[in-house]
Amino acid sequence: IADALGWRGHVIFTSGASEAIALALSHVPAAGIATSPVEHDSVLRVTPAAERLPVDAQGRVERTPRPFRMIAVQHVNNETGVIQPLESLDRSGALLFADCAQSAGKLPLPDADMIAISAHKFGGPPGIGALLVKDLALLRPSGGQEQGYRAGTENLPAALAMAAALEQRDDWLPRAERLRARLDRGIEQAGGEVIASNAPRIATIASYRMPGVSARAQLIQFDLAGISVSAGSACSSGSLKTSHVLNAMGWDETAASEVVRVSFGPATTEADVDRFLRDWTRLAERGR
């Protein structure tokens, strides 16, 4: 797994990125951590007292206003697909933790001290992930397995499947980028809005606003058409609460409630995109 990712540190197996995040952030007092307000819920839940770094209208971290012990910022946003400029953050000696659940296996890993990854995001099985650590001294021992840093019997079959998934070819990503660009253009031509269209985005995630039609109505109609999308992150596909990511980017409640998230994978085809666009356009016209 380390070789496939180009990682030169340690690998600690976990049940997924959420556990890896909790493991990484638990050893630093929350007051010494800075995160962004557009992080995944699993980061926000374990850092309630952390300082939230401001983001711009594209959802990118703008600055780190003072020194911190640790900066915890995702590599790719799980709702908008925006790639964070981690290499340009002013770390001032702080440790950098990167949530790479959405980017591992698709983009080169950032230069971070600790990284969380999740197998099912790059074609592996659910229920297995890892915390990548440059120096084990950064962690507090907490269990009997994984060199003493995690309790619980290792899931060897899942770990092997995770390794196999990372070794698969990723030549589908340029095609996914073309498909996402095709859908971006179609949505805009149909009167919709592409979220964070001016920021670098990964090929596998996009969010779109349908003015005048709530995400609730869109989810129902797309589901009836056999199309799976979500309102907000895929993890919250059963929830209809307004996205905290869009709120942090300056969106008002009405506009944010009209946004759905779409994913692109190895099996996505041009026909899939065109079919989704036809249904999207028909629903938008009906809404108008």
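Reported count of residues in region 102-113, each being closer than 20 Å to ALA165 by Cβ and open to solvent by less than 10 Å² (accessible area, probe 1.4 Å), is 2. One residue alone among ALA94, ALA31 is more than 20 Å from the chain's Cα centre (by Cα), over 22 Å from GLY129 (Cβ atoms) and either in the same structural domain as SER263 (by the TED database) or open to solvent by 10 Å² or more (accessible area, probe 1.4 Å) (or both), and that residue is ALA31. Of the residues SER26, SER36, SER88, the single one that is of a type in the set (S, T, N, Q) and under 30 Å from SER257 (Cα atoms) is SER36.
Being crowded, with 17+ Cβ neighbours inside 10 Å and out of contact with any Asp or Glu (no Cβ under 7 Å at 6 or more places or on another chain) holds for only one residue in VAL43, VAL76, and it is VAL76. Filtered by the rule that a residue be assigned to a loop (DSSP other than H, G, I, E, B) and either at pLDDT below 95 or within 18 Å of PRO157 (Cβ to Cβ) (or both), region 89-110 gives LEU89, ASP90, ARG91, SER92, GLY93, ALA94. Quick one: in region 118-151, of everything that is part of a helix (DSSP H, G or I) and within 30 Å of THR204 (Cα to Cα), which residue is nearest to the chain's Cα centre (by Cα)? Per the stated criteria, the residue is LYS121.
The set of residues from region 128-144 being of a type outside the set (Gly, Ala, Ser), open to solvent by 30 Å² or more (accessible area, probe 1.4 Å) and in contact (Cβ under 8 Å) with a residue 40 or more places away in the chain comprises LYS134, ASP135, LEU138, ARG140. Restricting to region 7-28, give me the number of residues that are assigned to a loop (DSSP other than H, G, I, E, B) and either open to solvent by 50 Å² or more (accessible area, probe 1.4 Å) or at pLDDT below 95 (or both). Residues in region 7-28 being assigned to a loop (DSSP other than H, G, I, E, B) and either open to solvent by 50 Å² or more (accessible area, probe 1.4 Å) or at pLDDT below 95 (or both): 5 in total.
The values are calculated or read from the model by the stated rules, or taken from the named source; none is laboratory data. Quick caveat: nothing in here was measured; it's all calculated off a predicted structure. Glycine gets a Cβ as well: all are built from the backbone with ideal geometry, and neighbour counts include every protein chain shown. Each accessible area value is taken on the protein alone, full model and side chains, heavy atoms only, with ligands, DNA and RNA left out. Shrake-Rupley method; radii C 1.70, N 1.55, O 1.52, S 1.80 Å.
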